[in-house]
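The block underneath contains the structure these notes are about, expressed in structure tokens.
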Amino acid sequence: MPDGSTLESEICRRIAIAGPMTVAEYMRLCLTHPEHGYYVTRDPLGSAGDFITAPEISQMFGELIGLWAAAVWRQMGAPENVRLIELGPGRGTLMLDALRAAGVVKDFRQAIVVHLVEISRALQVLQQRRFETLDVPVLWHPTLDDVPAGPSIIIANEFVDALPVHQAVKQDDGWHERTVDIGADGKFCFALSQDTLLHFDTGLPRALRQSPNGSIFEWRDDRIALDLGRRTRTDGAALILDYGHIKYALGDTLQAVAGHTYTDVLQTPGGADLTAHVDFEALAQSAESIGGRIHGPILQRDFLLRLGIDKRAAALKAKATRDKALEIELAASRLTESGAKGMGELFKALAIADPKLGALPGFESLL
């Protein structure tokens, strides 16, 4: 058994006391435990970390989002004090690129107060160092609830995929929640709760109610969707960019990544990034139920092309060396790549906004 000093030991202790824990609880502990959680203890980004996100691939990604935010601010009536909020800002690269690009809209830059929602002590220290010379106020918060109310533009890039996900498995007698237990060999293993989930079938989309045995359905708590809908339904907008599926779907999408390689979800608690696909249909429906207007979801490829990534790439290449120009071209291609595993198709863009704002940039209907 573990020696008592690791997250593995803590999870074993909890299972011994309370029995098997849900996949969502296991994921929450692995990512956000206050001492041993993955996001709390390290900088996971970049070539020296475990994965690379779109803002680290190219400055163009953050620049386009900065210009998107400035355009949305104008649609909001150009409020004199607007909260520019990022959920899970990582190294702060996206926000820095966004602010640099948004600097061309001087009134917008002067109206901004930046709010970063961050739970990682290590990343907050890094962010503070990178933001210390900015000429805009920057504040940090542990949750979105801690950000003051008022006109807001919220950015969430690869944030929702890391929120804890529940899993249910179809059996002869109904759906059972998937759990994490300790096997006979002393190692973590997946199991099923003994009791069925009451009335689970009735809450499923009609097309999934006759699923075969062994099918897995994933869902998240709808709190973040409701919070985004509530905060943006009056003088606000939120942009979510993440990987996932546009419509409800079956399947086990929980995965662990360490050192840019997929690894066993149960092998090293707190030592790998755990994520699962975003159900954009469920996210949109929850946000819309509380008053937010939904835009999308659409493919990230389409969103970035509508915002002009090809023109931005051409402008950067015109002033670059040959090697740098090739780097810019490859980055733009990677962000918009088609195919099931290409970022341009796997990742989606969804916006939630005040209904009075009308169509948002990037989400206009194709002609």
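Looking across region 211-267 at every residue that is β-branched (Val, Ile, Thr) and touching a Phe, Trp or Tyr at 6+ places or on another chain (Cβ under 7 Å), the one that is farthest from Ala359 (Cα to Cα) is identified as Val257. Any chance region 269-280 includes a residue that's touching a residue at least 60 places away in the same chain (Cβ under 8 Å) and surrounded by fewer than 18 Cβ atoms within 10 Å (Cβ to Cβ)? No: zero hits.
Considering region 17-41, the residues that are crowded, with 17+ Cβ neighbours inside 10 Å and assigned to a loop (DSSP other than H, G, I, E, B) include one that is modelled with the highest pLDDT, namely Pro20. Can you say whether Pro164 is at pLDDT 95 or above, out of contact with any strand residue (DSSP E or B) (no Cβ under 8 Å at 6 or more places or on another chain) and under 30 Å from Thr22 (Cβ atoms), as far as the supplied structure shows? So Pro164 fits the description; yes. When Asp227, Asp201 are checked against the criterion of being part of a helix (DSSP H, G or I) and more than 23 Å from the chain's Cα centre (by Cα), a single residue qualifies: Asp201. The listed residues are Asp222, Asp242, Asp227, and the only one of them that is of a type in the set (D, E, K, R), in contact with a helix residue (DSSP H, G or I) (Cβ under 6 Å, 6 or more places away or on another chain) and modelled with pLDDT under 95 turns out to be Asp222. Looking at this structure, is Ile298 among the β-branched types (Val, Ile, Thr), touching a Phe, Trp or Tyr at 6+ places or on another chain (Cβ under 9 Å) and either in a helix (DSSP H, G or I) or surrounded by fewer than 21 Cβ atoms within 10 Å (Cβ to Cβ) (or both)? Spelling it out, Ile298 is indeed among the β-branched types (Val, Ile, Thr), touching a Phe, Trp or Tyr at 6+ places or on another chain (Cβ under 9 Å) and either in a helix (DSSP H, G or I) or surrounded by fewer than 21 Cβ atoms within 10 Å (Cβ to Cβ) (or both).
Would you confirm whether any residue within region 311-331 is within 30 Å of Arg233 (Cα to Cα) and either outside any helix (DSSP H, G or I) or in contact with a Pro (Cβ under 9 Å, 6 or more places away or on another chain) (or both)? For region 311-331, residues within 30 Å of Arg233 (Cα to Cα) and either outside any helix (DSSP H, G or I) or in contact with a Pro (Cβ under 9 Å, 6 or more places away or on another chain) (or both): absent.
Would you point out the residue of region 173-182, among those that are modelled with pLDDT of 95 or more and either more than 31 Å from the chain's Cα centre (by Cα) or not aromatic (Phe, Trp, Tyr) (or both), that is farthest from Arg28 (Cα to Cα)? Among those that are modelled with pLDDT of 95 or more and either more than 31 Å from the chain's Cα centre (by Cα) or not aromatic (Phe, Trp, Tyr) (or both), it is His176.
For Leu99, the conditions (1) at pLDDT below 90; (2) more than 19 Å from the chain's Cα centre (by Cα); (3) in a helix (DSSP H, G or I) are fulfilled apart from (1). With respect to the conditions (1) assigned by TED's automatic domain parsing to the domain that holds Leu94; (2) in contact (Cβ under 8 Å) with a residue 24 or more places away in the chain, Asp310 falls short on a single one, namely (2). The set of residues from region 319-353 being more than 19 Å from Ile298 (Cα to Cα) and not hydroxyl-bearing (Ser, Thr, Tyr) comprises Lys319, Ala320, Arg322, Asp323, Lys324, Ala325, Leu326, Glu327, Ile328, Glu329, Leu330, Ala331.
The values are calculated or read from the model by the stated rules, or taken from the named source; none is laboratory data. In this text, all values refer to a predicted model and were calculated from it rather than measured experimentally. Heads up, the Cβs are rebuilt from the backbone with ideal geometry, glycines too, and the neighbour counts pull from every protein chain shown.
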